[in-house]
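Below is one structure, written out as structure tokens; the observations come after it.
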Amino acid sequence: QVQLVESGGGLVQPGGSLRLSCAASGSIFRFNLMRWYRQTPGKQRELVAVISNGGTTSYADSVKGRFSISRDNIKNMVYLQMNSLKPEDTAVYYCNVVYVGVNYWGQGTQVTVSS
């Protein structure tokens, strides 16, 4: 069983920054890949960023150059630093891992970008 808890969302003006955090139960060293997704009402969940245990990262084209994913295997945390936020970044953001063939999700954290 894996529990994921996201935090750090909120209301921010366009051009602003937020850092999302995902706290995992137990050691995240066992998870090769950790991901951030986002979802807006009526749309499919969208993959935003991925990080491997070795630190290799990958991003959706829409966030490249603005978002940065990182992980701390000691603190069992994954982060998403979001800069130069745009209104279209407004969504619920979810942390995700797949472990032993099971997809685990957190409860999500709302990010709203609006003036």
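The values are calculated or read from the model by the stated rules, or taken from the named source; none is laboratory data. Since we're looking at a predicted model, the values are computed, not measured. Ideal geometry is used to build each Cβ from the backbone, glycine not excepted, and the neighbour counts take in all protein chains shown. Accessible surface areas use protein heavy atoms only, side chains included; no ligands, DNA or RNA. Shrake-Rupley method; radii C 1.70, N 1.55, O 1.52, S 1.80 Å.
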Residues of type lysines that Lys43 reaches as a straight line, Cα spacing below 28 Å, ignoring anything fewer than 8 places off in the same chain
Lys64, Lys86
For the chain, the per residue accessible area (1.4 Å probe, Å²) is 52
Unit charges at the beta carbon, dipole of the chain: most positive-side option, Gly16, Gln1, Val111
Gln1
Could you work out the percent of alpha carbon pairs in region 66-115 separated by over 15 Å, rounded to a whole number?
58
Taking all protein chains as present, what is the carbon and sulfur share of the accessible area of the chain, in % to the nearest whole number, probe 1.4 Å?
49
Relative to the compact globular guide of 2.2 N^0.38 Å, what is the alpha carbon radius of gyration of region 22-69, as a ratio?
1.27
What does the charge count around Gly106 come to, taking other residues whose C-beta lies under 15 Å from its C-beta (Lys +1, Arg +1, Asp -1, Glu -1)?
+3
